[in-house]
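Step one of this worksheet: look at the structure below.
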């Protein structure tokens, strides 16, 4: 049964996510660019640069190859937002993961609809990436269920003991696939970082102007959502420690991004399944046996 | 068998911003065929030789390419000097050696950076270029330009480097070399880098010879051939041996270049120690006659200048065969059967210089 | 530093056989070069084997500018031979990979055959 | 085989000052030899037009009757051939690069009659 107070709280959190996630995500992206630049001995842009970029993109004239392209991109953004709302209002973790997959599928459809060889290859790679990270995401959900006996985020977040203590290996596995989700080296396969590599930005090649801005904003929403997952592992330590832990996880991802070459999809799938099978499954078996 | 797609690679966005175009025929992500086309920016510099004074042509030769600029000028001058029967003073020979090796270091560091970029290693790319910048500074201090030296002329060199400056540069180079040494393990030992280079783009020794590969592409396949062994400039008075690797893959070609940078540092050190005093140029009289193939080792490989003089101010024929031109057929063979993500990596291992090729 | 650079002048009909011999002996094709004369075209094929340098020369009249291809023994020659076709208007027979005049796309057909003129200053490249 | 081989360099870079120069605000001192642009001490010029003859890009035009010496900055490649050729040594290589410009322009030096 849901009382009014609970509903209000959910609305507050969901609404708060919708409003604040792009702000936080954009700032995070700006911080990412500065830290990356410093790791490369450069000064880097101002922290607000991602916002400038997006505003500039929004002002540009949109060029589309296929009318459906924009429709798919809007669906992608809406589903990412929906996923975030589900998660932050304390909804079902499993549902969140599936909604995120649906969002991803819309992105892939958008890339396929353009008929460009680059985005087709990018879309194929994106599908392979989804194949690579899905098992581990499910293991995260199952692991959390085993520990807390609930798939509801609101129950997981209020669980008394830090989940990371019970699921250390699952956490490592999750950090591993976060690299794929954040589109960072060594797994930035579907959208190569620089425009002059083999697939010329791949999945986002044919998106421009306002549509590309939507892609960026969706990516900010997505990043905050993913850091929310990290938060869950540390929730019992209190909000400050948990937020700091999420930021540290992000810094680790930036570090990995700068310390690795891009690898191939074969390796990505093999490696992430191996990680899921060893770290994830072993951790879950241990938990299940100890219960 | 998957459906075949043709994906254009270049001319607008190849790995390095230069206009080479490859039509890649793909089956899924496997490259079944690669067809190169060039000629987008062909400049016809060879014909310019027929209307320009042979002394002025040095400036044209230096501008064939911005990266291997010095050696283009040097090769042209050596060719004309041979036709004129002129012996360059020893100090000029040493200075040419020092500048040529500086340009080799800066070219290889540039390549190492671009190569890192080809497999998506942005930070390694930036750090290679950070080190390269120091070399470019030395070049600007001694020659006046960052990449266009403008220092060679028929009969010698145009400017001297004082012995004090040379000593100071030796110290600076030692510091630069230690910075460079920090970067070496990432190319040689890093797991993610090795996964992208080892066993990729195989070229056997026999293929390399049959297809006319030159430079690090040839040496990476186990052929010890480095045109500096012909003994031009001061090379025959210095201690060095061609760098050879036998594996014939992208990794081997990387190792060749990584080791060559170290060797170039060493050659410069030796040259600074041995450099004799004396004049830096001789006076040139007469007009070139006869024909000569001037062969030099560029950072990218053997370059051949064919000069034919007819006892006038202009050369009758000036033909430049640049290393990238010779390395294109091996590239096509290496690309067949590779995976799409390996294409930029393989293309870069021949160190393509399209502006040279489009002379 | 002057290395011997022997040049052997041969007839164009001997070319495929001679290059096949060189290829079997492990010589590497260095370059193919064309020099334009008033009535003839002079082709020089250069080879290298362990720093030894050797050349074959074929002279063909401008009116009958046809040479056999050497791609049978040296596949790599296709770049040079396409260059000969596009810039010098030489017909290369039995060329393994023939771009049919599209290797260099030039505004003037066979630009290297044009008469040498003193380029006026205004048209010099900047 | 090793992982994270570059970690030492990127960590050190992240905590120390960046290596790049904030160019328009911070400029490096040019070297003594830097080939920036050609300068002409026009009052010493005798308008012999040797520089015009030696210039490989035909960037220099000398108009002896009008006592005008012109240089097309966009054509000039800073090779310094004119400086080497100049008999009066009125031409020199300045260390500052010529400013970038969206239009091609020819810079003229005019010698006042009174100075001769």
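Values as computed for the structure displayed
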read-out: Backbone N within the range B:277-295 under 11 Å of label point (7 Å from residue B:237 Cα along the Cβ vector); value: B:277-278
read-out: Inter-chain shielding of C:24-37 (mean C-beta neighbours from other protein chains, 10 Å cut-off); value: 5
read-out: Tensor-based shape of chain D (alpha-carbon gyration tensor, a/c under 1.5 rounded, otherwise prolate or oblate); value: prolate
read-out: Compactness of chain A as Cα Rg over 2.2 N^0.38 Å, two decimals; value: 0.99
read-out: Gyration tensor (alpha-carbon) shape descriptor, the range A:22-115, a/c threshold 1.5; value: oblate
read-out: Sequence of A:17, A:250 once ranked by neighbouring C-beta atoms within 10 Å, starting from the fewest; value: A:250, A:17
read-out: Relative contact order computed over chain B (Cα-Cα under 8 Å; 6+ residues apart), in percent; value: 25 percent
read-out: Helix-only CD estimate at 222 nm, as mean residue ellipticity for chain A, using -39500 (n - 2.57) per DSSP H run (n ≥ 4); value: -24500 deg cm²/dmol
read-out: Relative contact order, percent, chain A [alpha-carbon distance under 8 Å, six or more residues apart]; value: 25 percent
read-out: Peptide-level mean, for B:142-152, of C-beta atoms on other protein chains within 10 Å; value: 4
read-out: Cα-projected label distance for residue A:102 with residue B:246, points at 7 Å along beta-carbon direction, nm; value: 6.1 nm
read-out: Helical mean residue ellipticity (222 nm; -39500 (n - 2.57) per DSSP H run of 4+; nearest 500) of chain B; value: -15000 deg cm²/dmol
read-out: Distance between modelled label sites at residue A:47 and residue A:244, nm, 7 Å Cα→Cβ extension; value: 1.8 nm
read-out: Cα-based helix-to-principal-axis angle, A:209-234 vs chain A, degrees rounded to 10; value: 20 degrees
read-out: Separation in nanometres of the label points that stand 7 Å from Cα toward Cβ, at residue B:163 and residue A:60; value: 6.0 nm
read-out: Order of B:245, C:81, A:9 - criterion: other Cβ atoms within 10 Å of each residue's Cβ, fewest first; value: A:9, B:245, C:81
read-out: Residue of B:72, B:42, B:106 that the Gaussian network model of chain B assigns the largest fluctuation, springs spanning Cα pairs under 10 Å; value: B:42
read-out: Chain C: relative contact order in percent, alpha carbon pairs under 8 Å with at least 6 residues between; value: 21 percent
read-out: Calculated FRET value between residue A:7 and residue B:289, using beta carbons and R₀ = 60 Å, to 0.05; value: 0.05
read-out: Angle in degrees between helix B:250-274 and the longest Cα principal axis of chain B, rounded to the nearest 10; value: 20 degrees
read-out: Residue among C:108, C:70, C:59 with the largest mean-square fluctuation in a Gaussian network model of chain C, springs linking Cα atoms under 10 Å; value: C:108
read-out: Sites residue C:96 and residue A:68, calculated FRET efficiency, Cβ-Cβ separation with R0 60 Å, nearest 0.05; value: 0.85
read-out: Between 0 and 90°, nearest 10: helix B:90-118 axis offset from chain B longest Cα axis; value: 20 degrees
read-out: Computed lengthening from residue B:53 to residue B:336, 0.36 nm per intervening residue step minus Cα-Cα distance; value: 97.4 nm
read-out: Anisotropy class of chain B from Cα gyration tensor, a/c 1.5 cut; value: oblate
read-out: Proxy reagent accessibility, fewest Cβ within 10 Å first, across B:58, B:282; value: B:282, B:58
read-out: GNM result for chain B, Cα springs below 10 Å: residue of B:136, B:41, B:258 fluctuating most strongly; value: B:41
read-out: Label point at residue B:87 placed 7 Å out along Cα→Cβ; residues across the range C:1-20 whose backbone nitrogen lies under 13 Å; value: C:1-2
read-out: Antiparallel %, DSSP beta bridges [both residues in the protein assembly as shown], to 5; value: 90 percent
read-out: Sites residue B:170 and residue D:108, calculated FRET efficiency, Cβ-Cβ separation with R0 56 Å, nearest 0.05; value: 0.80
read-out: Alpha-carbon centroids, the range A:246-265 and the range B:251-275: separation in whole Å; value: 34 Å
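Values quoted throughout were computed directly from the atomic coordinates according to the rules given, and no laboratory measurement underlies them. All of these numbers come straight from a predicted model, not from anything done at the bench. All Cβ positions, glycine included, derive from the backbone under ideal geometry; neighbour counts span all protein chains shown.
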